[in-house]
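The values are calculated or read from the model by the stated rules, or taken from the named source; none is laboratory data. Remember, predicted model here, so these are calculated numbers, not experimental data. Cβ sites come from the backbone with ideal geometry, for glycine too, and all protein chains shown count toward neighbours. Side chains included, ligands, DNA and RNA excluded: accessible areas come from the protein's heavy atoms. Shrake-Rupley method; radii C 1.70, N 1.55, O 1.52, S 1.80 Å.
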Amino acid sequence: MSKSLYLAPIALALALTGCGGAAETAEGGATSGEAIAAVAAPNGQKWSETVAQTEAGGYVMGNPDAPIKLVEYMSITCSHCATFGEEAFNTIRDEYVESGRVSFEIRNFVRDPLDLTAAILSRCGGEGPFFALTKQALSNQGPMFEKAQAMGDATYQSVLSQEPNVRFVSLAEQLDLISYFQQRGVSADQAKACLSETATAEKLMADTQTAVQDFDIQGTPTFLINGQKIDGTSWNMVETRLKEAGAR
């Protein structure tokens, strides 16, 4: 992954390669490991409301000592990530994270300037709203892509030719992302401040490059369970692997 994605103008066409999603069929009974007992959250707390930023640059929900750690590398411009979120997020949160057996971490794997802009905004509210804002951003793919196409290549390249501290503010305005996130609790001033912080974009790009180097992440979504990359991108496959690890 080159920093040219962040530093130089690039074409309007979205690079949809690298967005996986072939259906898989999980084999076996998903009972290879011993079942792990549920772990109750502290009194007055819910594991799904326990969210923290991680050293890897992601955000993790759930019991920090959960014996099963599920990580998703995802891109907000990946249609298969949106499909997975629709199919799986509520179940992961309500059945697996709340049990205390599983923690769930999302790590942004940025593929293009639209993805990078939306990722910055999804993080702008901090730890608490990150998962909800990411889910909302995924559900906004269609309108975002339509507005990007309506910009035309010349306007798009002109926006990306601006200085880094104004580039993503301008792109977010063109895509109506500032107003979209404003309706979801991130003020316009807050959004613009986040988009102007060049260190955030640089860190997201660096984390993406690290994912390629450390885990050979080539597309999204890609999943790790306890640090091991698993084969498959469907919720059926991921849930099977969680059960095999004892989350049942």
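Here are the numbers for the structure shown:
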{"read-out": "Nearby lysines by direct alpha-carbon distance to residue 147 (threshold 18 angstrom, same-chain neighbours under 8 apart not counted)", "value": "none"}
{"read-out": "Antiparallel %, DSSP beta bridges [both residues in the range 40-163], to 5", "value": "45"}
{"read-out": "Cα centre as origin, Lys/Arg/Asp/Glu Cβ charges: the range 65-167 dipole, Debye", "value": "180"}
{"read-out": "Proximal lysines relative to residue 243, as straight alpha-carbon distance under 28 Å, when same-chain residues fewer than 8 apart are discounted", "value": "46, 69, 135, 229"}
{"read-out": "Distant-in-sequence amide H partners of residue 105 (H built 1.01 Å from N, under 5 Å)", "value": "61, 70, 71, 72"}
{"read-out": "Furthest towards positive pole of dipole, 212, 181, 227, structure part the range 172-231, Cβ charges", "value": "181"}
{"read-out": "Largest-first ordering by accessible area, 1.4 Å probe, given options 240, 50", "value": "50, 240"}
{"read-out": "Cα centroid separation, the range 69-104 to the range 174-248 (Å)", "value": "10"}
{"read-out": "Of 69, 46, 192, the one that fluctuates the most in a GNM where the chain has Cα springs shorter than 10 Å", "value": "46"}
{"read-out": "Cα-centred dipole magnitude for the chain, charges only on beta-carbon of K, R (+1) and D, E (-1), debye, nearest 20", "value": "220"}
{"read-out": "Heavy-atom accessible surface of the chain: percent carbon and sulfur, 1.4 Å", "value": "48"}
{"read-out": "Antiparallel %, DSSP beta bridges [both residues in the chain], to 5", "value": "60"}
{"read-out": "Most to least accessible of 55, 127 (protein chains only, probe 1.4 Å)", "value": "55, 127"}
{"read-out": "Most fluctuating residue given options 83, 208, 222, as computed from a GNM of the chain linking Cα atoms under 10 Å", "value": "83"}
{"read-out": "Å² per residue, accessible surface of the chain at 1.4 Å", "value": "44"}
